[in-house]
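Trainee: Just passing along the structure, written as structure tokens.
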Amino acid sequence: MPLIHALNRGTDKRDIFMDDHDRMRFCYGLFLFNDTRHVDIAALKTKGLPMSFFVESTPPRKRLVDVHGWCLMTNHYHLLLSERTESGVSRFLQKLNIGYAKYFNDRHKRVGTLYQGRTKQVLIESDRQFLHILNYIHFNPLDFLNGSKEWRERRISNTQKALDHLNKYRWSSYATYCGKGDFPAITTTELFADVFKDYKREVVGYLHDIEIESIQLDGLNLE
């Protein structure tokens, strides 16, 4: 089962998430567009998005992909995907990106391209990459925390603050893997369940040991 790290950012590195309303709408898209059936993208003008949207429908969705991990930053996003149907990743990303761009341009009264280009898709090929990619995605919010912005270079000044920050950050699948979070219906956790028996404990040990240098894998960075 090929595992793909998908990532994209705003054109000219512009912000694509202006506030929590935008982030919620993107999360809604992660759930809604993960379906082989047609979704009327043009009709998805956003007003309020109650949590009741994030429940399985009847009949159940026919998912295009499994979303094994995700994280929203300010000007980019990370997704960890595998296909359930032929060309599922490409179809899912197309629906997700078009749907969110239409919403964003409508809400923020803008025109033009939102993303810098096609979504980058990096194939996870080695065991080493597999063991580190989920942490890499989940650790991105440390970029927002003073003293932890150099986590990619194995420099974190206060491990407890880093853990507290990750626990409070709402817009990733980290909380779901720790048995909490607002969006469990988005994420499929089974693939990593055998590897990380207790994911929260694994992360604590990972940060305490500062073994983050091995996250620097070819093709994972946006730069």
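Trainee: Can you name the residue in segment 121-131 that is touching a helix residue (DSSP H, G or I) at 6+ places or on another chain (Cβ under 8 Å) and at pLDDT 95 or above and is also farthest from residue 200 (Cα to Cα) among such residues?
Mentor: For segment 121-131, the residue satisfying everything is 121.
Trainee: Those residues that are closer than 18 Å to residue 1 by Cβ and open to solvent by 20 Å² or more (accessible area, probe 1.4 Å), I need them from segment 89-121; list them, please.
Mentor: Residues satisfying the conditions are 90, 91, 121.
Trainee: What about residue 169, is it at pLDDT below 95, hydroxyl-bearing (Ser, Thr, Tyr) and within 17 Å of the chain's Cα centre (by Cα)?
Mentor: Considered against the rule, which asks whether it is at pLDDT below 95, hydroxyl-bearing (Ser, Thr, Tyr) and within 17 Å of the chain's Cα centre (by Cα), residue 169 comes out as no.
Trainee: Suppose we filter 135, 105 for residues that are of a type in the set (S, T, N, Q) and either in contact with a strand residue (DSSP E or B) (Cβ under 6 Å, 6 or more places away or on another chain) or free of Cβ contacts under 8 Å to residues at least 60 places away in the same chain (or both); which single one remains?
Mentor: Testing whether each residue is of a type in the set (S, T, N, Q) and either in contact with a strand residue (DSSP E or B) (Cβ under 6 Å, 6 or more places away or on another chain) or free of Cβ contacts under 8 Å to residues at least 60 places away in the same chain (or both) leaves just 105.
Trainee: Pairs, please: C-beta under 6 Å, at least 6 apart or cross-chain, first residue assigned to a loop (DSSP other than H, G, I, E, B) and in segment 143-170, second surrounded by fewer than 17 Cβ atoms within 10 Å (Cβ to Cβ) and among the β-branched types (Val, Ile, Thr)?
Mentor: Between residues of segment 143-170 that are assigned to a loop (DSSP other than H, G, I, E, B) and residues that are surrounded by fewer than 17 Cβ atoms within 10 Å (Cβ to Cβ) and among the β-branched types (Val, Ile, Thr), the close pairs are 154/210.
Trainee: Which condition number in (1) aliphatic (A, V, I, L, M); (2) surrounded by 18 or more Cβ atoms within 10 Å (Cβ to Cβ); (3) over 14 Å from the mean Cα position of the chain (by Cα) is the one that residue 67 fails?
Mentor: (3)
Trainee: While we're here: Go through segment 132-157 residue by residue and tally those that are open to solvent by 60 Å² or more (accessible area, probe 1.4 Å) and at pLDDT below 90.
Mentor: Total meeting the criteria: 7.
The values are calculated or read from the model by the stated rules, or taken from the named source; none is laboratory data. Everything quoted here is computed from the prediction, not taken from an experiment. Ideal geometry is used to build each Cβ from the backbone, glycine not excepted, and the neighbour counts take in all protein chains shown. Surface areas here come from the heavy atoms of the whole protein model, side chains and all, with no ligands, DNA or RNA. Shrake-Rupley method; radii C 1.70, N 1.55, O 1.52, S 1.80 Å.
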